[in-house]
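Notes for the one structure printed next.
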Amino acid sequence: MAYSDKVLDHYENPRNVGSFNKDEKNVGTGMVGAPACGDVMKLQIKVGDNGVIEDAKFKTYGCGSAIASSSLVTEWLKGKSLDEAMTIKNSDIAEELALPPVKIHCSVLAEDAIKAAIADLRQKQGQNGEADACTAACKE
Amino acid sequence: MTVKTPIYLDYSATTPVDQRVADKMIPYLTEFFGNPASRSHSFGWTAEKAVENAREQVAALVNADPKEIVWTSGATESNNLAIKGAAHFYAGSKGKHIITVATEHKAVIDPVRELERQGFEATFLEPEPNGLVDLEKFKAALRPDTVLASVMFVNNEIGVIQDIEAIGNLCRANGTIFHVDAAQATGKVDIDLEKLPVDLMSFSAHKTYGPKGIGALYVRRKPRVRLEAQMHGGGHERGFRSGTLPTHQIVGMGEAFAIAKAEMALENARIKRLRDKLWAGLSEIEEVYLNGDLERRVPHNLNVSFNFVEGESLIMAVKDIAVSSGSACTSASLEPSYVLRALGRSDELAHSSIRFSIGRTTTEEEIDYTIALLKAKIGKLRELSPLWEMYQDGIDLNSVQWAAH
C-alpha cells in the first residue's frame, strides 16, 4: 500500500504520544475501536480553566493511517475550545493526510475519539455527554 | 555493522536461481534449442538427452525411478493433476470422498473445492495447535469410499513437517490414494520414495534454487497409480501431461535438485544455526509467540506473532527486511492468515505475525541486523499501543467492553 508523505511523516515521527492521568478532573479520555477490528485509538485532552484544550496525547494500535490520523488530531486540538474541537470532521483529516478510500475508516475513528474524549470530560464536569462514539464500521 | 537492505528473508516464497543452475540452463535456450520430442535429428536427441538426465537428477533427490517423474509447470499444476486426475480416475471404483487438511496450500484446497462442486465430498481436517495432523483423527476421517487423501509434507507458512509415513500407512490400509505436496520439502527434508507409502508427490523447482515455471509430479509405478490427464494434446510425458517440454527449465530443475542432494546436509546445518539464533534473539522480546511446532519443523522457517502490535504497522516498520506477513491487508477487509487461524490463534495474533525464511545466501550479519531491527521497532510500536499500556497495567484485554465498530 502506498502511503502519502504526510502519513509516513506522522508514522515515523508521531506527535504527542503518551498518556495523562485519566482520573484528573480536567482530563477527558476517549477510547474507540476494538482489537479484533485492527484499530484501537486512545485520545486524551487536557483543558485549562478557560475551557481551552491545552494539551492532547494519544496512543493507537492500528495501521499507519490510524496512527497518523490520531497523531494529526492531537496537533489540531491544542488551542481549541471544546465547541471548536467538536467541529473537526473526518473528511478534514482524510483530506489533510490524503487517505485512500480503504483508509477512510481511520479518520472516522479519529473523529469518534475526539467526540468520546469531549463527552468524557463534559460528563466529569457535570455536563451532559452527547457524543456517541462507535459508529465507524469495521468492515466497510 | 553494514548490511545491504532490504534483506531477503522470504526464501519460502521463492529462491534465487543458483548461479551454477543458470549457467547450465543458458546453452539450452540458444545453442541446444531442439524440441525433445523431435525424433528425427540430433537437435531433438540432444534436448531429449538433457531432459532425461534432469529426470534422473530429480528422481535421485527423492529416491524414485526416473520413469515415475512427470514434468509440469510447477507445484500448482502437479497438485491439480494429482488431485483431480486421481479422484476422477478412481471415483467409479472406490468412491467420492476426499480428505485433506485445513492448512494446505490453496493449490490443494482449491482443486478439492472444485471436486466438491463436481459432486465429491471433502473432509478438511483441523490440525492440532502445533500445526500437526493428529493420526487418530486422520484415521477416524477415513471411510470405505475415501478415494484420495492429500497432506502437505512441509507447511509453507509455519514450516511444520507432517508424519507422511504414518499417514501414508493409514491410507494404504484403507486402499486410499495418497498425494503429498512436497513443494516446500525438497532440499530441506530427506525424502525416500522407495520407503515412503506415497502414491503421488508434487515438486517445484523455484523453492529449491531452480527456475520458476517448472515442476514435477511423482507418479508411483509399483503399485501402479493411474491418473486422468488434465492437459490434452500431443501425448507428451506418456500421456500424463501434453505440451512441449521446456528443456532449459527442466535442465535447471535437474541441476538445482542435484545441488540440493549434494549440499543439503551441510547447508541445512548452517541455516538451522542461523534460524535458532534468530529465534533466540526474538524470543528475548516480551509477548512473542512461535507459530507451529519447533521440533518437527524445517530448518529455515520461523513464524512469530508479536502481541499488542497491529499487523500492517508492523510490516511498515520492518520494510528493511523482505518477509511475509500473516496479515493480508490489501483491502479494507482485514483477513488474517487462515493457516494461523486453523491453529487456534486469535485474529490479533494471526495479524501480527511474520514468517522469516532463511536461505543459501543469508549471512550471520543479516540475522543480527534483523534481531536488532525487530527489537527496536516492536518497542516503538508498543510505546504507541494502548493495548500494550493496558497489558502492562495488568488489565485483561478480554474483559474490556470494546466499543464495537
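In a simple Cβ point-charge model (Lys, Arg +1; Asp, Glu -1; nothing else charged), the protein assembly as shown has a dipole of about 1800 debye relative to its Cα centre. Only protein heavy atoms count here; on that basis, with a 1.4 Å probe, A:K57 has an accessible area of about 50 Å².
Only protein atoms count toward the accessible area here, which uses a 1.4 Å probe; on the protein assembly as shown, the carbon and sulfur part of that area reaches 50 percent.
In this structure, the residue pairs whose Cα-Cα separation is over 31 Å, taken from B:K49/B:K188; A:K6/B:K212; B:K84/B:K139; B:K67/B:K137, are A:K6/B:K212; B:K67/B:K137. Answer rounded, prolate or oblate for region B:172-247, using the Cα gyration tensor with square roots of eigenvalues a ≥ b ≥ c: rounded when a/c is under 1.5, else prolate when a/b is larger than b/c, else oblate. It comes out oblate by the Cα gyration axes.
Which of the GluC sites (Glu not before Pro) found in region B:10-114 are in a DSSP loop and have at most 12 neighbouring Cβ atoms, other than their own, within 10 Å?
Of the GluC sites (Glu not before Pro), the ones in loops of region B:10-114 whose Cβ has at most 12 other Cβ atoms within 10 Å are B:E31.
When chain A is modelled as a GNM with alpha-carbon springs shorter than 10 Å, which of A:M41, A:M31, A:M86 fluctuates the most? Fluctuation is largest for A:M86.
Across every pair of non-identical alpha carbons in chain B, the mean reciprocal distance, once inverted, gives a Kirkwood radius of 22.6 Å. Legend: helices of chain A (whole DSSP H runs) are marked when their alpha-carbon atoms reach 15 angstrom or more along the helix axis and their mean Kyte-Doolittle hydropathy is at least 0.5; marked are A:64-77.
Sparsely packed loop sites in region B:115-202 (the GluC sites (Glu not before Pro) outside DSSP H, G, I, E and B with at most 10 other Cβ atoms within 10 Å) comprise B:E194.
When chain B is described by a simple charge dipole with +1 on each Lys and Arg Cβ and -1 on each Asp and Glu Cβ, the residue from B:N291, B:I158, B:A141 located farthest towards its positive end is B:A141. From the alpha carbon centroid of region B:283-304 to that of region B:223-240 is 41 Å.
Helix B:164-174 and the long axis of chain B differ in direction by around 60°, with both axes built from C-alpha atoms.
Among B:Q118, B:Q184, B:Q57, the largest mean-square fluctuation in a Gaussian network model of chain B, built with springs joining Cα atoms closer than 10 Å, belongs to B:Q118.
What number comes out for accessible area per residue over the protein assembly as shown if the probe is 1.4 Å? Units Å², please.
Result: 41 Å² of accessible area for each residue.
Of the GluC sites (Glu not before Pro) in region B:235-285, the ones in a loop by DSSP (not H, G, I, E or B) with at most 16 other beta carbons within 10 Å are B:E284. Chain B contacts chain A over a buried accessible area of about 2800 Å², both sides summed; the probe is 1.4 Å and only protein chains count. Calculated [222 nm] ellipticity per residue, helices only, for chain B: -12000 deg cm²/dmol; basis is -39500 (n - 2.57) per DSSP H run with n ≥ 4, divided by all residues, nearest 500.
Counting 0.36 nm for each residue step from B:E194 to B:M231 and taking away their Cα separation leaves a gain of 10.5 nm.
The values are calculated or read from the model by the stated rules, or taken from the named source; none is laboratory data. Just so it is clear, the model here is predicted, and its values are computed rather than measured. Counting neighbours? That spans all protein chains shown, and the Cβs are built from the backbone with ideal geometry, glycine included. Just the protein is used for accessible areas: all its heavy atoms, side chains included, with ligands, DNA and RNA removed. Shrake-Rupley method; radii C 1.70, N 1.55, O 1.52, S 1.80 Å.
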